[in-house]
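Bear in mind these aren't lab numbers, they're just calculated from the coordinates by the rules spelled out. Small disclaimer: the values here were computed from a predicted structure and weren't measured. All Cβ positions, even for glycine, are placed from backbone atoms using ideal geometry, and neighbour counts span all protein chains on display.
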Amino acid sequence: MKAIVYTRYGPPDVLRLADVQEPVPKDSEVLVRVHAVSLDATDWETLRGKPLYSRIGGRFRPRHHILGSDIAGRVETVGRAATLFRPGEDVFADILSCMGGFAEHVCVPESALARIPAGMTYEQAAARQVGRKRVRLRS
């Protein structure tokens, strides 16, 4: 599958499109095909590694190589112990703890997901928090 990855902190130039292995959901996870992801201040800070608290878990290099914490998409498969969602359901989540939304698929803890309300688009669901987070895209 395709993903936007980075292996070092820096400006947007460190991002690149790459083929990565498709994730497999653990028992209580759900595999989501990402249809929309928002870019917010958390992604910007984590990409740059500034301020210093954004390097938690990876002081010199990023621990997670795929950014993207606010996602919306469709359930593809579910782990053996996941019982709240079924393939084909439209969902959204804030996955800051695991990131990975800048990819075609991401595994999400079932407890982090919610169904997209009727009439809401994927883009609206993924951007549901952006209004509270002001993003300034400057180095």
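As a check on your grasp of the helix formula, calculate [θ] at 222 nm for the chain: sum -39500 (n - 2.57) over DSSP H runs of n ≥ 4, divide by the residue count, round to the nearest 500. Here the helix-only value at 222 nm equals -2000 deg cm²/dmol. The rule of thumb for compact globular proteins, 2.2 N^0.38 Å, goes into the C-alpha radius of gyration of segment 40-111 1.24 times.
Assigning unit charges at the beta carbon (Lys, Arg +1; Asp, Glu -1) and nothing else, what dipole magnitude in debye, to the nearest 20, does the chain show about its Cα centre?
Dipole magnitude for the chain comes out near 700 debye.
Springs between Cα atoms under 10 Å define the GNM used for the chain, and in it the highest mean-square fluctuation of THR83, THR42, THR121 occurs at THR83.
Hey, if you drop one equal point scatterer on each alpha-carbon of the chain and run the Debye formula without solvent, what base-10 log of I(q)/I(0) do you get at q = 0.19 Å⁻¹? Results for the chain at q = 0.19 Å⁻¹ read -1.10. Between the listed residues LEU17, VAL34, TYR53, the Cα displaced farthest toward the positive end of the dipole of the chain, a dipole computed from Cβ unit charges relative to the Cα centre, is found at TYR53. In this rough spin-label picture, where each label sits 7 Å from Cα along the Cβ direction, the MET120-ILE56 distance is 2.5 nm.
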